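What follows is a single structure, written as structure tokens, with notes after it.
The values are calculated or read from the model by the stated rules, or taken from the named source; none is laboratory data. Given the structure is predicted, the values throughout are model-derived calculations rather than measurements. Cβ atoms come from the backbone with ideal geometry, glycine included; neighbour counts cover every protein chain shown. Calculation scope for accessible area: heavy atoms of the full protein, side chains included, ligands and nucleic acids excluded. Shrake-Rupley method; radii C 1.70, N 1.55, O 1.52, S 1.80 Å.
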Amino acid sequence: MKIGIIGAGIVGKTLGKLIAKANHQVMISNSRGPQSLFSLPYYFPCEVGSIDETIDFGEIIILAIPFHAYTSLPKNLSTQHKIIIDVTNFYKERDGDIYNIDENNISSSEIIAKHLNSTHIIKTFNAIKMQDLENNSFLPTSSKKIALPIAGDNQIDKERVIILLNDLGLETVDVGSLAQGKRFERGTPIYCILHDKESLENYFYK
Ligand SMILES: NC(=O)c1ccc[n+]([C@@H]2O[C@H](COP(=O)([O-])OP(=O)(O)OC[C@H]3O[C@@H](n4cnc5c(N)ncnc54)[C@H](OP(=O)(O)O)[C@@H]3O)[C@@H](O)[C@H]2O)c1
């Protein structure tokens, strides 16, 4: 698959490297332009581009930016009906006091979906620290694979993203709609705690 990544920080680089290693094609971008990323293809196989080029390139677009930066995303993300993986998390300390997500009781991904007017947002990768993912897709204390929760309103999109995660050696637990993504946001018991599929299913379904 062709994967476009917007954001070239810890998440963008870690996921880009893993996705390229799984033999998918990667283009990555940031707000400062491809010239600021010129050395990245020496680090792992990828192309660098502008945000618009990255959106054109990817069948799946990964948002690996600070949450507050979603307001700067171009609207052609939704007009092109791309599958968008939202990895972002809302941190008041970083993103400011602009949205009271707790009071509104909606997932941060729904705010992005509403802004982009897109029904193709899939929330995953947000509840794991990248250092837990970068070297191994297995739990440190067992031979079981790491499982990640996934949420989204479009089942066909979700299945494609699940295939991508499987290609990275990961398992998934489908938590349901994008609204259900709130169940694995910051402050929930499973946020950034490693689980295998069985223990994640127990958490969500039992
Ligand atoms: N770090 C983790 O382990 C982890 C795990 C799961 C989820 N997350 C979440 O994933 C997101 C990214 O985290 P991170 O740790 O990778 O952050 P980071 O290291 O600060 O990287 C953010 C990247 O986004 C780019 N960026 C900022 N504003 C942008 C904009 N308007 N358009 C395009 N690119 C923009 C930045 O580059 P420029 O400023 O040069 O544009 C930078 O490359 C956050 O929402 C975070 O909460 C992080």
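Computed quantities for the displayed model
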{"read-out": "Counted residues, region 84-97 - those being touching a His at 6+ places or on another chain (Cβ under 8 Å) and away from the ligand (no atom under 11 Å from the Cβ)", "value": "2"}
{"read-out": "Residue that is surrounded by the most Cβ atoms within 10 Å (Cβ to Cβ), among those in region 84-122 that are charged (D, E, K, R) and more than 14 Å from Leu178 (Cα to Cα)", "value": "Asp95"}
{"read-out": "Candidate set: region 72-83, residues that are within 12 Å of the ligand (Cβ to nearest atom) and over 15 Å from Ser109 (Cβ atoms); chosen: the one most open to solvent (accessible area, probe 1.4 Å)", "value": "Ser72"}
{"read-out": "Residue within region 167-174 that is open to solvent by less than 10 Å² (accessible area, probe 1.4 Å), part of a loop (DSSP other than H, G, I, E, B) and without any contact (Cβ under 8 Å) to a residue 40 or more places away in the chain present", "value": "yes"}
{"read-out": "Residues of region 129-151 classified as over 12 Å from the mean Cα position of the chain (by Cα) and not in a loop (DSSP other than H, G, I, E, B), total", "value": "6"}
{"read-out": "Selected residue (only one of Asp97, Asp56 is out of contact with any strand residue (DSSP E or B) (no Cβ under 6 Å at 6 or more places or on another chain) and either of a type in the set (A, V, I, L, M) or modelled with pLDDT under 95 (or both))", "value": "Asp97"}
{"read-out": "Subset of region 100-128 (residues that are touching a strand residue (DSSP E or B) at 6+ places or on another chain (Cβ under 9 Å) and not in a loop (DSSP other than H, G, I, E, B))", "value": "Ser108, Ser109, Glu110, Ile112, Ala113, Leu116, Ile121, Ile122, Lys123"}
{"read-out": "Residue count, region 50-59 (criterion: away from the ligand (no atom under 12 Å from the Cβ), in a loop (DSSP other than H, G, I, E, B) and over 10 Å from Ile5 (Cα atoms))", "value": "1"}
{"read-out": "Qualifying residue in region 60-71 (condition: outside any loop (DSSP other than H, G, I, E, B), over 17 Å from Ile122 (Cβ atoms) and open to solvent by 80 Å² or more (accessible area, probe 1.4 Å))", "value": "no"}
{"read-out": "Region 129-140: number of residues that are near the ligand (Cβ under 6 Å from one of its atoms) and either modelled with pLDDT under 95 or closer than 13 Å to Gly169 by Cβ (or both)", "value": "0"}
{"read-out": "Members of region 1-49 that are surrounded by fewer than 16 Cβ atoms within 10 Å (Cβ to Cβ) and within 12 Å of the ligand (Cβ to nearest atom)", "value": "Gly9, Ile10, Ser31, Arg32, Gly33, Gln35, Ser36"}
